[in-house]
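Chemist: Take this structure first; my questions come after.
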């Protein structure tokens with residue numbers, strides 16, 4: 001067993017995902033480098049990974065968000081940018097968490113549209129989405145088919 | 001400012017919207033960060049040690065696979081801590097290389113059992129559904145109070 005000594009304890013890492021027709025991740029990265037104060041910034045294909053003291057990271061993200069508030073999304077990350085345990089450079093292929101971001105990136109244009117719309121019209125005028133059913137009931141004909149399939 | 005458990009716990013959309021409207025999202029990254037930033041015994045890649053399945057016994061019985069119990073040691077404390085929850089039901093991304101269907105069922109069950117305000121949704125599939133999705137989340141979070 002080996003002792004584990006964490007790198008940069010007490011810091012936070014956040015992903016900044018950009019889904020925009022006018023801003024690219026590299027433009028966002030350049031802007032972040034211009035205004036950052038002592039934080040670590042890594043450019044990725046979908047945006048940035050930013051690590052540093054929580055206050056510094058949040059302040060930087062707030063400034064970046066002003067570029068396109070409805071098209072920049074933020075989430076927490078557990079690992080440091082480029083952590084060898086997670087970084088795909090050390091593994092080959094996408095890291096596991098990328099698939100979730102990839103899936104949600106396809107939904108982001110609808111969310112961006114929603115954020116823009118909600119600013120111009122009160123949400124009380126917007127109907128609630130249809131509530132998904134709690135559990136899907138087994139169709140009786142399907143059940144009958146299963147029962148019959150088990151007969152010799 | 002309320003602590004809102006999000007499911008899928010890795011969701012970018014939910015994490016962003018909850019924080020955007022002034023509340024604290026409880027996501028898996030927070031639990032992982034806690035472990036990755038704590039000194040101890042090396043247990044790559046997620047710093048999940050053999051202690052975690054033992055902690056998971058609080059939420060899942062001993063005959064339940066250790067993978068479920070290990071995961072519950074991350075999600076269980078967050079479910080206990082949460083004051084509200086937002087659940088996306090058709091989140092296929094929660095099951096796959098890093099997910100576990102049985103854990104997901106247990107998480108949804110525990111959230112329902114806890115009786116905190118809960119919003120059930122599906123991912124939007126059009127722009128109009130996107131508007132309804134964002135409006136539903138904003139309405140829900142405003143109802144919790146303390147947001148912005």
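Chemist: Given (1) closer than 28 Å to residue A:117 by Cβ; (2) at pLDDT below 90, where does residue A:98 come up short, assuming only one miss?
Modeler: (1)
Chemist: Just checking, how many residues over the range A:95-106 are free of Cβ contacts under 8 Å to residues at least 60 places away in the same chain and either surrounded by fewer than 20 Cβ atoms within 10 Å (Cβ to Cβ) or over 21 Å from the mean Cα position of the chain (by Cα) (or both)?
Modeler: 7
Chemist: In the range A:1-86, which strands (runs of 3 or more DSSP E) lie fully inside it and hold 2 or more residues that are more than 14 Å from every other protein chain (Cβ to nearest Cβ) and over 28 Å from residue A:119 (Cβ atoms)?
Modeler: Per the criteria, A:40-43.
Chemist: Given the conditions (1) without any contact (Cβ under 8 Å) to a residue 12 or more places away in the chain; (2) on the phi > 0 side of the Ramachandran plot, and given that residue A:47 satisfies all but one, which numbered condition is not satisfied?
Modeler: Condition (1) is where residue A:47 drops out.
Chemist: Would you mind stating whether residue A:29 is crowded, with 19+ Cβ neighbours inside 10 Å and under 18 Å from the mean Cα position of the chain (by Cα)?
Modeler: yes
Chemist: Collect the residues in the range A:56-77 that are surrounded by fewer than 17 Cβ atoms within 10 Å (Cβ to Cβ) and within 21 Å of residue A:110 (Cβ to Cβ), keeping them in residue-number order.
Modeler: Hits for the range A:56-77 are A:65, A:67, A:68, A:69.
Chemist: Next question, about the same structure. Scan the range A:121-131 and give yes if some residue there is within 11 Å of chain B (Cβ to nearest Cβ), surrounded by 10 or more Cβ atoms within 10 Å (Cβ to Cβ) and within 29 Å of residue B:31 (Cα to Cα), otherwise no.
Modeler: Among the residues of the range A:121-131, not one is within 11 Å of chain B (Cβ to nearest Cβ), surrounded by 10 or more Cβ atoms within 10 Å (Cβ to Cβ) and within 29 Å of residue B:31 (Cα to Cα), which makes the answer no.
Chemist: I'm told residue B:48 meets every condition in (1) under 21 Å from residue A:80 (Cα atoms); (2) at the interface with chain A (Cβ under 10 Å from one of its Cβ atoms) except one. Can you identify the failing condition by its number?
Modeler: Of everything listed in (1) under 21 Å from residue A:80 (Cα atoms); (2) at the interface with chain A (Cβ under 10 Å from one of its Cβ atoms), residue B:48 misses just condition (2).
Chemist: Of (1) part of a loop (DSSP other than H, G, I, E, B); (2) out of contact with any helix residue (DSSP H, G or I) (no Cβ under 9 Å at 6 or more places or on another chain); (3) modelled with pLDDT of 90 or more, residue A:106 satisfies all except one. Which?
Modeler: The number of the failed condition is (1).
Chemist: Of these, A:84, A:6, which one is surrounded by fewer than 16 Cβ atoms within 10 Å (Cβ to Cβ) and within 30 Å of residue B:42 (Cβ to Cβ)?
Modeler: A:84
Chemist: Additional query: Which of the residues that make up the range B:111-143 are surrounded by fewer than 19 Cβ atoms within 10 Å (Cβ to Cβ) and more than 7 Å from chain A (Cβ to nearest Cβ)?
Modeler: Result: B:112, B:113, B:114, B:115, B:116, B:117, B:118, B:125, B:128, B:142, B:143.
Chemist: I'd like the residue in the range B:17-31 that is touching a residue at least 24 places away in the same chain (Cβ under 8 Å) and more than 8 Å from chain A (Cβ to nearest Cβ) and, out of all such residues, is surrounded by the most Cβ atoms within 10 Å (Cβ to Cβ).
Modeler: B:18
Chemist: Turning to a different aspect of this structure: Spot the failing condition for residue B:81; the list is (1) in contact (Cβ under 8 Å) with a residue 12 or more places away in the chain; (2) within 23 Å of residue A:105 (Cα to Cα); (3) within 18 Å of the chain's Cα centre (by Cα), and only one is missed.
Modeler: (2)
The values are calculated or read from the model by the stated rules, or taken from the named source; none is laboratory data. From a predicted model like this one, the values you see are computed outputs, not experimental measurements. Backbone-built Cβ (ideal geometry, glycine too); neighbour counts: all protein chains shown.
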